[in-house]
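The values are calculated or read from the model by the stated rules, or taken from the named source; none is laboratory data. Predicted model only: the values in this text are computed from it and were never measured. Don't worry about glycine lacking a Cβ; one is built from the backbone with ideal geometry, like all the others, and counts go over all protein chains shown. Note: areas computed on protein heavy atoms with side chains; ligands, DNA, RNA excluded. Shrake-Rupley method; radii C 1.70, N 1.55, O 1.52, S 1.80 Å.
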Amino acid sequence: MARHGASISVLLMMAAMALTLHFRSAPWGLATNLLFWAALLGFLTCSDRALAGLLCFCPLWATYFLTFRFSRPVIERWDYVFNSDTARYLQEAMAFLTTPRHLGFPVITFPLALLDELGSRYLGIPRLGREYLYLQCALVGCLAVKLLCKVLAADIPSKRLRILTACGFACSLATWAFSSVIETFMLSALLFLATLHHLRAYSESGTLSSFAPIPGLALVALCVSIENIYLVALFVLTIAWRAALYRRAPAWSHLIICAGMLAAGILSMLWIAERGMGPGCYAGGSGQQVGGSAEDIIDHLHRFTSDYRPRTPLTSVGLHAGLMYRVFVMSVRAQLNTRPQNYTRKPRGQLRPTAEDLIYYGSFLTLVVMAGRGLWLVAGGGDQQRRLLVALLAVTLVLRHAFMFLFATQQCILFSLPSILCMWMLVATGTSRLVSGRSKAVRLLVGACFWAIVVLLVLTNLAYLLQIQIQ
């Protein structure tokens, strides 16, 4: 019954996105938004009770919401916080427009105009709609952290280690920042975690009921942001993994159904958008006019990505190393005294490492070494579900690195969240496997390293996020 509930909830999420794009009006914007949230929360409830204990995460929700609460005009400047698009989403929402890259995100933003008007007329709160949008994005970040704990529970018996891992992800700079502004990235991360959870359930049973939510999840994720196309590759890997494990033919019918649903869903959403906004919707949707005079989705994506392709050879080791530094260092722990507008373009930071830097990097490298040894043990044999998780995370890292290298080398913090999630999950899985049955001293060392990292992330990232509000 829970499987059917999850499938129905995914269909309702997709229906809410389509209706939002079709009607493009204030009353419908709020109605479909409420439908989307009811479906999303219902989906998480049906996914092995992923919302159990959510009240414990309310302080995190409040932290995300209040981070920029008293400096909204600052962060609503164009491209201010890590070149994120809060200002563009607000402008598009007031005009009921969107871009082909984010066809489904209006289900979050279109309540803006109606709530602003109601708040101004009846409650004396002229920015009610904007605050509601920030509240939603903060809740998405909170739900992503909660779902991470749920996904880790299947492989990590230690509740303390799961909580520390979730805290590390929650306090990472990209997570904290993009849960505090209006952006698609945290919703994409939440859908990535939900897809991982259902892919593992499908790999175990292979039944149609376990397969049913996956195409819908991938379609919802693609509508939120076209960058989520990599989720299809994870489904292909799961099918191949299951076929190799049980020595049977791959479930090609499931793959064909998934591809057909994705193609039909995206084409339908594009048709709805073009019917409502005209061919000009491919020009970008707002005054920014990203995409120029593009006439279709292919032309739009080509024009959009042409400005971000690297000018150096693809075999440049330095460029690959620099990208990894920006993703796994700069996007996790803030580099103080670096401007947010060009944070990963021109990093400055401090030339001399401080004592805090030495503690942080020492603790992190210790965990990486221990996790590497643990992951080697996982790869050598043991629980097949854990091995599949490691394989899915490794493939995601490779695909995301290739995507960022080709299209977002200098703005990789915007697209770093799936990679950061994979990093934290691999570290937790590896260290959990390594410390299993080891001495108390080893477990204490792992706990001390995690605590040191979390504390330093909180202090450094909070200082940076406060700093950029007064610049």
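Which of Ala39, Val220, Ser172 sits farthest toward the positive end of the charge dipole of the chain, with +1 on the Cβ of Lys and Arg and -1 on the Cβ of Asp and Glu?
My answer, from the dipole projection, is Ser172.
Can you classify the range 353-409 as rounded, prolate or oblate using the Cα gyration tensor, where a ≥ b ≥ c are the square roots of its eigenvalues, rounded means a/c under 1.5, and otherwise it's prolate if a/b beats b/c and oblate if not?
Judged from the Cα gyration tensor, the range 353-409 comes out oblate (a/c at least 1.5, b/c at or above a/b).
Using θ = phi - 60° and the Karplus form 6.51 cos²θ - 1.76 cosθ + 1.60, what ³J(HN,Hα) does each residue of the range 366-375 get, whole Hz, x for Gly and Pro?
4, 5, 5, 5, 5, 5, x, 5, x, 5
Can you give the charge dipole size of the chain about its Cα centre, rounded to the nearest 20 debye, using +1 on the beta carbon of Lys and Arg and -1 on the beta carbon of Asp and Glu?
With Lys and Arg at +1 and Asp and Glu at -1, about 1400 debye.
Within a Cβ distance under 11 Å of Ser416, other residues only, what is the Lys/Arg minus Asp/Glu net charge?
Within the 11 Å Cβ shell, the charges total +2.
Calculate I(q)/I(0) for the range 190-236 by the Debye formula, one identical point scatterer on each C-alpha and no solvent, and give its log10 at q = 0.23, 0.33 Å⁻¹ to two decimals.
-0.74, -1.30
Tell me the net charge near Ala391. Cut-off is 14 Å between Cβ atoms, Ala391 excluded, with +1 for each Lys or Arg and -1 for each Asp or Glu.
+2
How much length is gained on full extension from Leu319 to Phe70, taking 0.36 nm per residue of separation minus their Cα-Cα distance?
Length gained, Leu319 through Phe70: 85.8 nm.
Distance in nm between label sites at Leu459 and Ser253, each 7 Å beyond Cα in the beta-carbon direction?
6.0
What's the percent breakdown of Cα-Cα distances in the chain across 20 Å bins, shortest bin first?
That works out to 24, 59, 17, 0, in percent per bin.
Is the range 58-146 rounded, prolate or oblate when judged by the Cα gyration tensor, a ≥ b ≥ c being the square roots of its eigenvalues, rounded requiring a/c under 1.5 and prolate requiring a/b larger than b/c?
rounded
Based on the Cβ-Cβ distance from Ala154 to Ser25, what FRET efficiency comes out when R0 is 35 Å, to the nearest 0.05?
The pair Ala154/Ser25 has a calculated efficiency of 0.20.
Solvent-accessible area per residue for the chain at a 1.4 Å probe radius, Å²?
With all protein chains present, the chain gives 41 Å² per residue.
By the scheme Lys and Arg +1, Asp and Glu -1, what is the net charge of all other residues having a beta-carbon under 15 Å from that of Met186?
-2
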